[in-house]
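A.B. asks: Just passing along the structure, written as structure tokens.
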Amino acid sequence: ELWCPIISVDDHFLEPPETFVDRVPRADRQRVPHIDTDDAGLPRWVIDDERFELLVHECSVGRPISEWTLAPAKFEEFRPGTYDVHARVADMDINGVYASLNFPSSTWGFAGRRLSLMKDERIALLSLRAYNEWMMEGWCGVYPNRFIPCQLPWLRDPTLAAAEIRRNSEHGFKAVSFSENPELMGLPHIYSDHWDPFFEACQETETVINLHVGSSGTVNRPSSVSPFAVTASLFPMSGIVTIVDWIFAKVPLRFPKLKIALSEAGVSWVPTIIERLNKSYRQIEGLGVRWAPSDPTPTDLLHRNFWFTSIEDPSAFRVLDIIGEERVMLESDYPHPDTSWPDTQVVARTGLSHLEPATIKKLCYENASQLYR
């Protein structure tokens with residue numbers, strides 16, 4: 001039953017075997033990422049002579065929880081909607097999802113770090129451009145009204161990254177998946193001016209910067225023996241760390257029209273961080289941060305430059321007056337274990353039905369439609 005149409009601002013897919021090889025010169029097809037199979041016929045992505053299997057756990061949608069394992073699998077053993085765009089749209093229809101923004105599979109890193117940092121820089125850039133071309137033509141372009149094109153960035157050189165943002169904007173891209181903390185990948189941190197050309201291009205083109213949980217290649221794991229249940233429970237911690245760091249790095253101060261979405265980080269924690277930011281600002285002179293009195297406060301920046309995404313945050317929907325109802329969007333996280341598919345309508349109705357219809361529409365689709373144009 002359709003309760004309210006939804007624009008899901010965080011979904012994923014398995015990239016099909018032809019993603020790269022169909023978009024590069026024949027001479028380079030064995031150097032860009034490509035699929036081979038092991039002796040058992042299991043497909044593996046070959047990247048810089050390393051091999052990465054497709055794991056059931058990553059695309060567990062449609063399977064009982066007992067089958068959410070780290071076992072390798074063949075494409076045909078996954079639900080077709082994970083890698084076939086026509087089947088995906090059918091699964092979106094089942095779920096009441098009108099439009100979807102898709103991130104990569106974990107093979108590449110959610111900000112494409114494995115592509116940008118390939119050994120051969122020419123092949124790396126060729127591969128990245130091929131990926132973005134496939135994203136636009138092979139996925140989003142097949143159903144242009146049903147997908148929000150989100151590119152992967154070039155992480156080796158911010159000036160070239162900026163040029164790619166401008167070029168891709170002309171081709172219809174609305175967003176880019178960037179790292180919440182590039183320093184963890186051995187790249188310059190966001191407190192320097194290193195990334196400013198990239199940020200300027202995003203601001204100029206209205207390209208939304210999506211900061212997906214784990215895009216730096218790390219997630220919160222407090223102990224060496226902490227099970228994955230701990231990591232999954234702590235996903236919102238990545239959002240907390242990210243927004244505080246980006247605010248105090250003054251990225252949104254330097255680029256006041258920048259639009260930043262915290263993908264898969266949840267929403268319920270936002271009131272707590274607003275309180276902490278207010279407290280820190282009152283004590284800012286003693287905390288080693290120079291902040292001009294005429295500048296927007298950290299909380300002003302949170303409400304001006306950031307958007308938040310929710311799979312299931314029932315407590316957040318009761319404090320929207322603190323968070324801001326124009327700043328919250330929904331996601332289904334298809335086809336990951338966190339996904340609400342095929343029950344996203346039920347989850348939305350359960351969490352939002354106490355709200356006014358105008359607010360429900362904002363959270364379900366209007367905020368996302370406005371942000372991603």
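A.B. asks: Explain nothing, just the number: relative contact order of the stretch 165-281, from Cα pairs under 8 Å at least 6 residues apart, as a whole percent.
C.D. replies: Values: 139 pairs, mean separation 34.8, N = 117.
Here the relative contact order equals 30 percent.
A.B. asks: To one decimal place, what orientation-averaged projected area in nm² is obtained for the convex hull of the Cα set of the stretch 27-78?
C.D. replies: 4.2
A.B. asks: Once the Cα gyration tensor of the stretch 76-125 is found, what semi-axes does its equivalent ellipsoid get, as square roots of 5 times the eigenvalues, in whole Å, sorted largest first?
C.D. replies: Values: eigenvalues 176, 30, 15 Å².
Calculated on Cα positions only, the semi-axes equal 30, 12, 9 Å.
A.B. asks: Now for a separate question. Just how much of residue 171 is accessible, in Å², when a 1.4 Å probe is used and the result is rounded to the nearest 10?
C.D. replies: It works out to around 110 Å².
A.B. asks: Give the share of C-alpha pairs in each 20 angstrom bin for the chain, from 0 to the last occupied bin, in whole percents, shortest bins first.
C.D. replies: Spelled out bin by bin, the chain gives 29, 60, 11, 0 percent.
A.B. asks: Quick one: Debye curve from the C-alpha atoms of the stretch 187-245, no solvent, what's log10 I(q)/I(0) at q = 0.22, 0.31 Å⁻¹?
C.D. replies: Result of the Debye calculation: -0.96, -1.29.
A.B. asks: Would you mind checking which residues have amide H under 5 Å from residue 48's amide H? H placed 1.01 Å from N; only 5 or more apart, or other chain.
C.D. replies: Long-range HN contacts for residue 48: none found.
A.B. asks: A follow-up question, please. Compute the separation of the alpha-carbon centres of the stretch 150-226 and the stretch 343-358 and state it in Å as a whole number.
C.D. replies: Between the Cα centres of the stretch 150-226 and the stretch 343-358 lies a distance of 32 Å.
A.B. asks: Same structure, new question: Carbon and sulfur together cover what percent of the accessible area of the chain at a 1.4 Å probe radius? Before the final figure, lay out the partial values.
C.D. replies: Numbers: 8230 of 16000 Å².
The value for the chain is 51 percent carbon and sulfur by accessible area.
A.B. asks: Which of the three applies to the stretch 1-145, rounded, prolate or oblate, going by the alpha-carbon gyration tensor with a ≥ b ≥ c and a/c under 1.5 meaning rounded?
C.D. replies: On the way: a/c = 2.17, a/b = 1.38, b/c = 1.57.
Because a/c hits 1.5 or more and a/b fails to exceed b/c, the stretch 1-145 counts as oblate.
A.B. asks: Using DSSP H assignments, which helices in the chain have an axial alpha-carbon span of 20 Å or above and a mean Kyte-Doolittle hydropathy of -1.0 or higher? Display every interim value, and only then the final one.
C.D. replies: On the way: long enough: 235-248 (21 Å, 1.54).
Membrane-span-like by this rule: 235-248.
A.B. asks: Also, quick follow-up: Using unit Cβ charges (K, R positive; D, E negative) and no other charged atoms, how large, in debye to the nearest 20, is the dipole of the stretch 169-283 about its Cα centre?
C.D. replies: Values: 9 positive and 11 negative charges, 94 e Å.
Charge dipole of the stretch 169-283: 460 debye, to the nearest 20.
A.B. asks: Would you work out which of 235, 223, 182 lies farthest towards the positive end of the dipole of the stretch 178-277? Charges go on Cβ: Lys and Arg +1, Asp and Glu -1.
C.D. replies: Going by the Cα projections, it comes out as 223.
A.B. asks: Given the C-alpha atoms of the stretch 254-373, compute the convex hull and give its volume per residue in Å³. List each step's numbers first, then the result.
C.D. replies: On the way: hull volume 15.4 nm³, N = 120.
Taking the convex hull of the Cα positions in the stretch 254-373, it is 128 Å³ per residue.
A.B. asks: Ranked highest first by the average count of other Cβ atoms within 10 Å around their residues, in what order do 89-100, 289-300, 55-66 fall? Before the final figure, lay out the partial values.
C.D. replies: Numbers: 89-100: 19.8, 289-300: 13.2, 55-66: 16.0.
Answer by packing, highest mean first, reads 89-100, 55-66, 289-300.
A.B. asks: Amide H to amide H under 5 Å from residue 309: which residues, 5+ apart in sequence or cross-chain, H placed 1.01 Å off N in plane?
C.D. replies: 262, 264, 265, 266, 329
A.B. asks: Would you please put 209-217, 45-53 in order of how densely packed they are, using the mean number of other Cβ atoms within 10 angstrom per residue and starting with the highest?
C.D. replies: Details: 209-217: 24.0, 45-53: 14.2.
The most tightly packed comes first, giving 209-217, 45-53.
A.B. asks: I'd like the accessible area for residue 224: 1.4 Å probe, protein heavy atoms, all chains in place, Å² to the nearest 10.
C.D. replies: We get 100 Å² for residue 224.
A.B. asks: Do me a favour and compute the ellipsoid semi-axes for the stretch 144-237 from its Cα gyration tensor, root of five times each eigenvalue, largest one first, whole Å. Could you put the intermediate results ahead of the total?
C.D. replies: Working: eigenvalues 161, 63, 16 Å².
Semi-axes (√(5λ), whole Å): 28, 18, 9.
A.B. asks: Going out from 0 in 5 Å bins, what whole percent of all Cα-Cα distances in the stretch 75-158 drops into each bin?
C.D. replies: 3, 14, 22, 22, 17, 12, 7, 3, 1
A.B. asks: Let me know the charge dipole size of the chain about its Cα centre in debye, to the nearest 20, where only the beta-carbon of Lys, Arg (+1) and Asp, Glu (-1) is charged.
C.D. replies: Working: 36 positive and 52 negative charges, 159 e Å.
Result for the chain is approximately 760 debye, rounded to the nearest 20.
A.B. asks: Right, something else. Once you keep just the Cα pairs under 8 angstrom separated by 6 or more residues, what percentage relative contact order results for the stretch 73-171? Don't jump to the answer; show the numbers that get you there.
C.D. replies: On the way: 83 pairs, mean separation 23.8, N = 99.
Relative contact order of the stretch 73-171: 24 percent.
A.B. asks: Can I ask one more? Relative contact order for the chain: what is it in percent, counting Cα pairs under 8 Å that are at least 6 residues apart? Before the final figure, lay out the partial values.
C.D. replies: Values: 661 pairs, mean separation 72.4, N = 373.
It rounds to 19 percent for the chain.
A.B. asks: Sticking with this structure for a sec: Give, to the nearest whole percent, the P(r) tail of the stretch 231-307 beyond 14 angstrom, counting all Cα pairs.
C.D. replies: Working: 1769 of 2926 pairs.
Tail of P(r) above 14 Å: 60 percent of Cα pairs.
A.B. asks: Spelling out what I want: for every residue of the stretch 314-325, take phi, set θ = phi - 60°, compute 6.51 cos²θ - 1.76 cosθ + 1.60 (Karplus), and round to whole Hz; glycine and proline get x.
C.D. replies: Per residue, the Karplus-derived 3J(HN,Hα) values read x, 6, 5, 6, 9, 10, 5, 5, 8, 6, x, 5 Hz.
A.B. asks: I've got another one for you. For q values of 0.11, 0.14, 0.17 Å⁻¹, compute log₁₀ I(q)/I(0) with the Debye formula on a Cα-only model of the stretch 72-224, without solvent.
C.D. replies: Ignoring solvent entirely, the Cα scatterers give -0.46, -0.73, -1.04.
A.B. asks: Another question, then. Could you tell me, in Å, what Rg and Dmax come out for the Cα atoms of the stretch 171-309?
C.D. replies: 15.4, 47
The values are calculated or read from the model by the stated rules, or taken from the named source; none is laboratory data. Keep in mind the model is a prediction, meaning the values are calculated, not measured. Glycine gets a Cβ as well: all are built from the backbone with ideal geometry, and neighbour counts include every protein chain shown. Heavy atoms of the whole protein, side chains included, go into the accessibility calculation; ligands, DNA and RNA do not. Shrake-Rupley method; radii C 1.70, N 1.55, O 1.52, S 1.80 Å.
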